[in-house]
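Every number here is computed from the coordinates shown, using simple stated rules; none is lab data. This is a predicted model, so every value here is computed, not measured. No Cβ is skipped: glycine too gets one built from the backbone with ideal geometry, and neighbour counts run over all protein chains shown.
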Amino acid sequence: MNILNILDEIEKVDGEIYERLNPRRAAMKSFFNAGKKISLAALPLALGSMFQKAYGQSNPANVVEVLNFALALEHLEYNFYNRALLSTGLIPAGAATGAITTIRTHELAHVNLLKGAITAANATPINLVEANFDFTAGGGFADVFTNYQTFLKVATAFEDTGVRAYKGQAPVLKGMPVLTTALQIHSVEARHAAHLRQMTAAALGVGLKPWISLGAGGVSNDTGIAAVDAVYAGENNTIQATIEVTGIATGVTRAAAAESFDEFLTGAAVKNIANLFIRTGFKLS
Amino acid sequence: MKNTELKVKDELQEESLFNGSLGRRSFLQFAGASAAGLALVAAGCKKDRGYIDTTMGATLDFKDDFGVLNYAYALEQLEAAFYIQVASAPPAAFTATQKAYFQDVQFHEIAHREFFKKALGTAAIGSLEVNFSSINFSDAGSVLATAKTFEDLGVAAYNGAGVRLTNTTYLVLAGQIVSVEARHAAYVRDQISNGTFADLGTLSAFGASDSNGLDGALTPDKVLALAGPFIKTKINVTNL
């Protein structure tokens, strides 16, 4: 690779590249310090990180945007579980109702927390109510509130999407106290996902694990539900930061490598998924 | 060019780079020299970020991302050592599924451990010695209780350390790992008592807030104090 060529190419479209890099001494310093510690093979990764720093997007407007995006997803989840719990005969009494009630309580807490944070930043929280959602996804899950199995499939997809969504937004919040809050929500969503996967495995009689594994034949979607393929796109990845995890130690199979790291989704990919469940006029853009 | 000469030149360039102004010419000179000599420098550089010897223990220097990554590496070493012991001789009371899933978790933690070791390269701390004398590995209750502590603590550790990371790639990677740890935590908790997968009210000592629906988040000093009884190697912390 040739770093001079890369910089020359960038200069053609951005004449101020050197000025952008210049005031970012800290970024440069960490980059060059890192350069001493990593192999040449990993240099493209470090370079990418340096440019992310030079072009970083961590201004307050973006933070509010991220919080509102998260709030929209929490509205979706809360209204989904709330309607499910109000649907007589859908969720078996006992442990199942208890678990879904716990999850609904958390989603409502997240809604309120995010609303408060956005208001505190002098911005307007996005407001979505049940009528703005179509949890059948245009009829694809027509019996979502009458068929327990369908409900669990959609719930699992929502939680696994939520985990991926928060992960994907972390870079915008880098270094800020609000990042910690977002991470604290993120891992709660992962706990929900793990439990819902177990509920789904039991109700459908399938071998779904609490963690996202490799799908049949190595595909990314391990649920076997083709309608939610987009939720699991890329989850079969086994290369992290240019390091191949498969075979990194004895017994670390391709499945173990895929399971051991969850993958993020971009905001655009998450919005595409969420918009399947949001009515026209309220879709996320 | 000899390695030592290259290193001196490297340091001089670094000094001028950060103390002086950075024009295009000097940057390109630096970049060119750096790219050409990087492999040599990398091969010859000393371990100055973390090391282990019998008297000094391991040093976690939180002055930069390497300290955070070594901190994660230390915790993953602890978890991997625990699950290796569980998976090699599971409690008799474990079901077939529990045996299989604890084996899965074992390989996840080994993958995390080896990933950090490889990513850190020469900056990695050495292997930690663990102390599991308080755990009864033949008792399912003891194993599950310890697994719960390790997983909940691991989640709180990653959640609390994320804000210290300056490198976006590492931040996302930490996020990719912590959600898997949270899945482990949920699974283990459900094995102890079904439905306790996200019992945040029991995690307030780890920084969780049940009323806000927030998981644990702890600073490294608090995590290391809680993990301390399980680690024999002395861990020195600087720049926290």
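For A:Q149 and B:A225, what is the calculated FRET efficiency with R₀ set at 56 Å and r taken between the beta-carbons, to the nearest 0.05? The partial results should precede the final answer.
On the way: r = 46 Å, r/R0 = 0.82.
For R0 = 56 Å, the calculated efficiency reads 0.75.
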remark   = Rounded to a whole number, the mean other protein chain Cβ count within 10 angstrom for residues of A:192-200 is 5
query = Among B:K63/B:K232; A:K174/B:K63; A:K167/A:K271; A:K174/B:K118; A:K167/B:K222; A:K209/B:K99, which pairs are too far apart, with a Cα-Cα distance over 21 Å?
reply = B:K63/B:K232; A:K174/B:K118; A:K167/B:K222
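Give the average, rounded to an integer, of partner chain Cβ atoms located within 10 angstrom of each Cβ in A:160-167.
Details: counts 1, 0, 0, 7, 3, 0, 2, 8.
What the average comes to for A:160-167 is 3.
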Where labels lie 7 Å past Cα in the beta-carbon direction, separation of B:S211 and B:S193 in nm = 2.2 nm
message = Please compute the average number of Cβ atoms from other chains found within 10 Å of each residue's Cβ in peptide A:123-135.
response = 0
note = Applying the gyration tensor rule to the Cα atoms of segment B:52-238 (axes a ≥ b ≥ c; rounded if a/c under 1.5, else prolate if a/b exceeds b/c, else oblate), the class is oblate
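According to the square roots a ≥ b ≥ c of the eigenvalues of the Cα gyration tensor, what is the shape class of segment A:75-234, taking rounded for a/c under 1.5, prolate for a/b larger than b/c otherwise, and oblate for the remainder?
Working: a/c = 1.81, a/b = 1.30, b/c = 1.39.
The shape class here is oblate.
Using per-residue counts of other Cβ atoms within 10 Å, averaged over each peptide, order A:169-176, A:194-201, A:76-83 from highest down. It would help to have the intermediate numbers written out before the result.
Details: A:169-176: 19.8, A:194-201: 24.4, A:76-83: 21.2.
By packing density, highest mean first, the sequence is A:194-201, A:76-83, A:169-176.
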